[in-house]
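Student: Got a structure for you, questions after.
The numbers here are math on the coordinates, done by the rules we state, and not lab data. In this text the structure is predicted, and so the values were computed from the model without any measurement. For neighbour counting, all protein chains shown are included, and Cβ atoms are generated from backbone atoms with ideal geometry for every residue, glycine included.
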Amino acid sequence: MNFSRGFNNMGSPHLPPENTVGKIMLQVLLALLPGIAAMTWFFGAGILIQIALSVLFAVSLEWAMLKLHGKPVRLFLSDYSAVITAILFALCIPPLAPWWISLIGMIAAIVVAKHLYGGLGQNVFNPAMVAYVVVLIAFPLELTRWLPPRGLAEAELLPGLLQSLQTIFSGHLPVNLSWDAITQATPLDLLKDGVEQNRMISEIRRAPVFGNYGGRGWEWIANFYALGGIWLIWRRVISWHIPVAIIASVIILTLPAWLYDPSSNPIPLEHIFSGALVLGAFFIATDPVTGCASRRGKLIFGLGVALLTLTIRLWGGYPDGVAFAVLLMNMFAPLIDRYTRPRAYGKPR
Amino acid sequence: MTAAVIILTLLALIFGLALGYAAIRFRIEGNPVADEIEAILPQTQCAQCGYPGCRPYAEAIAAEEAEINRCPPGGEAGIKQLAELLGKDIIPLDADVGIEKALPEVAIIHEDVCIGCTKCIQACPVDAILGAAKQMHTVIATECTGCELCIPPCPVDCIDMIPTKIDITNWHWGKPIPITTISEIADTRGEEVA
Amino acid sequence: MAQRPTDNIGKYLHNFPGGLKLRHHKALSCCKPLPARYLPLSTEYCIPVSQHLGQPAEVVVSVGQQVKKGQALSTPGKTGNAPGAFVHAPTSGEITAIEKRPVPHPSGLNSLCIVLQPDGKDRWVELEPVDDYRKLDCDELIQRVQAAGIVGLGGAVFPTDIKLQGTSCLINTLILNGVECEPYISCDETLMKQAPGKIIEGALILCHVFKIEKVIIAIEDPMDVCNLELEQSISEFNAGDCVEVIRVPMLYPEGGERQLIQVLSGHEVPAGQLPISLGILVQNVATVAAIRDAVIDGIPLIERLVTVTGAGIREPQNVHARIGTPIADLVDFCGGYTAGIARLVMGGPLMGLGLRNDQLPIIKASNCVLALTHADITSTQPEMPCINCGNCVSVCPAGLLPQTLQTVIRAENFEALESLNLDACIECGCCDYVCPSHIPLVDYFRYGKGEQRAQAKEKQESDIARLRFERREQRLEKQQAERLARHQRRKRALAGSSSKKDSVAAAIARAKARKQVLAANQPDTNSETGKGENS
């Protein structure tokens, strides 16, 4: 009756965590789907080709780097972090950008920004944004070739799937098209140029690329990103602090100017629903590795991103500044974390 | 030209005065580097480093007369701390001075053999041995630093070093071993051991 | 008079930062059966002498001695002022050994145990009941509590008499902790249902002796029936005006003393201080019931309610087990193990102690024996790098940064731990449980704490050694100087004296001088070789 049994005694807690890194990243992927669908609807199948290309390059490079580092390949590939980096990058570049843009971007993201800094969890800068900024600075021409969104007359000219493939791989448009005919300035480009030429906002907004409150198409894409983002918050994959801080700061910072002079300052909604702000707020600035961990830190991080984005949009050389803003705030994240340490129980501040 | 000369002279004067004042106002008494080094040294007072105690060794390091790798009781961890403090490279322990013990030790006197010669009492650098002439001696275990200086003088060889025992009162958790593969989880978390 | 932190206690519930909602698995064992059954006598009891924090106790029995049930086996050690507690014989029988045996401790090391072979008669030692507890004063109560060997039964096993000492007149609120926030454990809930009267009476005793104005019994929200049982018992004792039952929402680790105080009062206990500084005394409900038994019936703490549960046990239930019973006997009583058993835990799944085998004895701290299966404990992912997700920060009830602490400890930068407040960590395991990278955070914190303590001790020892070394150097220098001075004096005296008379006088003077020097030196040398030297 009295048989002795031995057990392995490990330290408490004895229940393993239910969550895994892979599960978190997979949910982020799911949350991106509505946005990707909307983007494809408005800008054509080029988006999907860019995503496929980037993912292919990212996973291959990740595999190679893991091999080189002697890390367990299957484990780290199944965390999906490289896939997310690739998709976020692909969503930022023009749908018909040549294939080598993805390759160069992914080398910058996976090899330089991620693995040269020590791999998952060690990188200082958001890899997707490093990639985007590298190609944006190195290949400005290719990166400005945005297409007209569905609903515009020019959009009827857009190439189909096969032609898109051909364009991406050859770098040349089909014979009946020219870049000049189909390239369309983004709403933020127009806004920036218009304001610089001292034109009235209402006049600028008469251009067909503007929609009801943001850019045509862009406003809907932003809505779908926000939908995915809110689902992530509801699933507690990301906390509400960064997205709310970014969007609230943008509103608070641009509202006074708009109220003061609506003819030369765009309505705050214009800032939110054009460009990459919503994508940035929910999916890019919330990257945990390169962000802040404490709640107050996240709020400050979000405020910083909003402030820098607006600064670059209004006074900088680029029409959109989310990528630069996120990278700049990445540098400050450790400092912010240091000064926003929560107060420990029973200790004076 | 003249203005520049005058300004520069004035500036030199002001900074000179400020520096002079700071030198008096913020003067540090004693040898702060030696103090910091001494705080790292284990205070065993074993003299294995070749100096008659930890303080003299600390002063020698501060004066750059001695290397930082001559303290066996401090061991690797001590060398690392010293290297960090002084901005030097981490070097292995000098094999000539001795080896690092795995566990701290204390001396014990076999009291039935002891003849009460007091030689060990004179050798003990921290007065951790009690006793008088022709009386049996004993080591105050809590005060003993494990320097072994009492062993050579003993004429009847009645002093031994014993490692301090790890029991429930001084045991603490070790560094966790990372689990890196799924199969290891099964090995260590799931399987029955005995 | 300034407002006291306890004035509004219990009026509103507050939040503590962090915490986790866990599946609580209590239905497995709770109140099955009610009242809980008593375990039959075992063939041998092994009673560890130091089951509590503090100094090992002094054994007062010898091998071969016949003891009766409830007889004291060891008394708190007299060495030092660290707390200790009595242990008693769980049944009558013969002491067969006093030796070091394995005890439930994370180190797996042996500790002094008293082994008792029961004679099967289960005869009580003569008990000393009290007719009317209202006649007791503070000291008598504390003395009775101490003699009964009562310790905190919530798991911290701090000797209760020490906790009560020096609290008189300072406390105005007693919180009875019935919040069993850890999953699986249900012994307190079972106790509250089967013997609410004992708890209320125990609380009234403490109220009377320590002039406590208000008693709050805190229970967890899902313990619904408890509420009624306790209320009924309160009205039976006519204690409605000072005893109140408060249900707190289910959130782990709300049962922690400091967290519970925060929830009920909104105040934090300042670091390094005890709840007494807020005028609050917190006692586990089982401890209070044990105080009642000790005071009114004179029964020492020789048994406790233990939850035997988990998917690894065939018939999970609560049982009354004597201190010293081998855990295997409890498991047998509950139908044995199921096939999937993989780990045996003393305590709950988040803070419990993993056991190496089931021959270890039940001790006063054993509130639960939990058998977990492979399915419960197998991780789905190996350890990955920290991705700084901040989940650990948001669940930490102590307001720490577990991910930062972990990197600092991994880098063995133990000096930085103090500024990161590692000492505030209560090892609740929340951070560990939510970590998507499956980093054993609590293991790191325990390691860091151990190293921190060891380094502090080393520092203290080396400081003492340095001081003793310096004193010795000074003494030797002084002796050297004196010897030199003496030598020179003698020389001078010899050179100056030609006649015999002079030399005699000189000899006398020398002897005098030596005496003086000796007299001056004597107290010095004494104090320097003395053991009780302070640094």
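Student: Just want the ordering: C:376, B:94, from fewest to most Cβ atoms lying within 10 Å of their own Cβ. Can you show the working numbers first?
Tutor: Details: C:376 20, B:94 17.
By the 10 Å Cβ count, ascending, the order reads B:94, C:376.
Student: Could you list log10 I(q)/I(0) for the range C:436-476 at q = 0.20 Å⁻¹, which the Debye formula gives when each Cα is one point scatterer?
Tutor: Relative scattering, expressed as log10 I(q)/I(0), comes to -0.67.
Student: Calculate the spin-label point distance for residue C:137 paired with residue C:297, positioning each point 7 Å from the Cα along the beta-carbon direction, and give it in nanometres.
Tutor: 2.9
Student: Defining a contact as two alpha carbons under 8 Å apart and six or more residues distant in sequence, what relative contact order in percent does chain A show?
Tutor: 17
Student: Okay, moving on. Report the GluC sites (Glu not before Pro) located in the range C:140-249 that are in a DSSP loop and have at most 16 other Cβ atoms inside 10 Å of their Cβ, or state none.
Tutor: Here the GluC sites (Glu not before Pro) that fit, given the DSSP loop and packing criteria, are C:213.
Student: Using alpha carbons only, what's the Rg to Rh ratio of chain C with Rh from Kirkwood?
Tutor: My calculation of the ratio gives 1.12.
Student: Could I ask something else about it? Report the residues of the range C:180-217 in range of a label on residue C:227: point 7 Å along Cα→C-beta, backbone N strictly under 18 Å from it.
Tutor: Inside the label zone: C:180-181, C:189-190, C:192-194, C:196, C:216-217.
Student: How high is the FRET efficiency from residue C:8 to residue A:347, r the C-beta distance, R0 22 Å, rounded to 0.05?
Tutor: My answer for the efficiency is 0.40.
Student: So, one more: What is the gain in length, in nm to one decimal, between residue B:169 and residue B:100 on full extension, counting 0.36 nm per residue of separation less the C-alpha to C-alpha distance?
Tutor: Extra length available between residue B:169 and residue B:100 comes to 22.4 nm.
Student: Shielding of A:84-90 by partners, i.e. mean partner chain Cβ atoms within 10 Å per residue?
Tutor: Mean partner-chain Cβ count within 10 Å for A:84-90: 0.
Student: Counting only other residues whose beta carbon sits under 15 Å from that of residue A:190, what net charge do I get with K and R as +1, D and E as -1?
Tutor: Neighbourhood net charge equals -2.
Student: So, one more: Which one of C:424, A:109, A:84 is farthest out on the positive end of the charge dipole of the protein assembly as shown, using unit charges on Cβ (Lys, Arg +1; Asp, Glu -1) and the Cα centre as origin?
Tutor: Most positive-ward Cα: C:424.
Student: Continuing with this model, one more query. If you count, for every residue in B:140-146, the Cβ atoms of partner chains within 10 Å of its Cβ, what is the mean?
Tutor: Mean shielding by partner chains, rounded to a whole number: 3.
Student: From the square roots a ≥ b ≥ c of the eigenvalues of the alpha-carbon gyration tensor of chain A, which class results: rounded (a/c under 1.5), prolate (a/b over b/c), or oblate?
Tutor: oblate
Student: Here's a follow-up. Across the Cα atoms of the range A:18-183, what radius of gyration and what greatest pairwise Cα-Cα distance (Dmax) are found, in Å?
Tutor: 16.7, 56
Student: Also, quick follow-up: Please list, by residue number, every one of the trypsin sites (Lys or Arg not before Pro) in the range C:73-151 that is coil in DSSP and has at most 15 other beta-carbon atoms within 10 Å. List each step's numbers first, then the result.
Tutor: Details: sites: C:78, C:100, C:121, C:123, C:134, C:135, C:144; in loops: C:78, C:121, C:123.
Here the trypsin sites (Lys or Arg not before Pro) that fit, given the DSSP loop and packing criteria, are C:78, C:121, C:123.
Student: Straight-line reach from residue C:69: which aspartates and glutamates have a Cα under 17 Å away, not including same-chain ones fewer than 8 places off?
Tutor: Within the straight-line limit of under 17 Å, residue C:69 reaches these aspartates and glutamates: C:44, C:94, C:119, C:122, C:126, C:128, C:293, C:297, C:303.
Student: If you keep only loop residues by DSSP, which trypsin sites (Lys or Arg not before Pro) in the range C:207-289 have at most 16 other Cβ atoms within 10 Å of their Cβ?
Tutor: Listed in order of number, the matching sites are C:211.
Student: I've got another one for you. Out of B:163, B:104, B:176, any idea which swings most in a Gaussian network model of chain B, alpha carbons joined below 10 Å?
Tutor: Per the Cα network of chain B with a 10 Å cutoff, B:176 tops the list.
Student: Using only Cα atoms, find the angle between the long axis of helix A:218-234 and the longest principal axis of chain A, and express it within 0 to 90 degrees, rounded to the nearest 10.
Tutor: 10
Student: Related question: Just going by the charge dipole of the protein assembly as shown, with Lys and Arg at +1 and Asp and Glu at -1 on Cβ, which of A:324, C:153, B:121 is farthest out on the positive end?
Tutor: B:121
Student: How high is the relative contact order of the range A:87-154? Use alpha-carbon pairs under 8 Å, at least six apart in sequence, and give a whole percent.
Tutor: In percent, rounded to a whole number, it is 41.
Student: Related question: Let me have the relative contact order for the range A:18-183, percent, based on Cα pairs under 8 Å that are six or more residues apart.
Tutor: Numbers: 203 pairs, mean separation 41.2, N = 166.
This gives 25 percent for the range A:18-183.
Student: Residue by residue through C:430-439, how many Cβ atoms from other chains fall within 10 Å of the Cβ on average?
Tutor: Partner-chain Cβ atoms within 10 Å, mean over residues of C:430-439: 6.
Student: So, one more: Give the order of C:45, C:12 when sorted by the count of other beta carbons within 10 angstrom, beginning with the fewest.
Tutor: Details: C:45 26, C:12 10.
The most exposed by this proxy come first: C:12, C:45.
Student: What shape does the protein assembly as shown have by the C-alpha gyration tensor, where a ≥ b ≥ c are the square roots of the eigenvalues, rounded means a/c under 1.5, and otherwise prolate means a/b greater than b/c and oblate the rest?
Tutor: Note, shape of the protein assembly as shown comes out oblate.
Student: Counting only helical runs of four or more DSSP H residues, what would the 222 nm mean residue ellipticity of the protein assembly as shown come to if each run contributes -39,500 (n - 2.57) and the total is spread over all its residues?
Tutor: Details: 36 runs with 443 residues, N = 1078.
One gets -13000 deg cm²/dmol as the mean residue ellipticity at 222 nm.
Student: Go ahead and collect, in residue order, the members of the range C:394-415 whose backbone nitrogen is under 11 Å from a label point 7 Å along the Cα-Cβ direction of residue C:271.
Tutor: Inside the label zone: C:399-400.
Student: Let me ask something additional. Would you mind telling me which residue in A:175, A:135, A:55 has the biggest mean-square fluctuation in a Gaussian network model of chain A, where springs connect alpha carbons within a distance under 10 angstrom?
Tutor: Looking only at A:175, A:135, A:55, the biggest GNM fluctuation is shown by A:175.
Student: How do A:167, C:380 rank when sorted from fewest to most other Cβ atoms within 10 Å of their own Cβ?
Tutor: The most exposed by this proxy come first: C:380, A:167.
Student: Using r as the Cβ-Cβ distance of residue A:107 and residue A:166, and R0 as 30 Å, what FRET efficiency do you calculate, to the nearest 0.05? Numbers along the way, then the final one.
Tutor: Values: r = 24 Å, r/R0 = 0.81.
E(calc), rounded to 0.05, equals 0.80.
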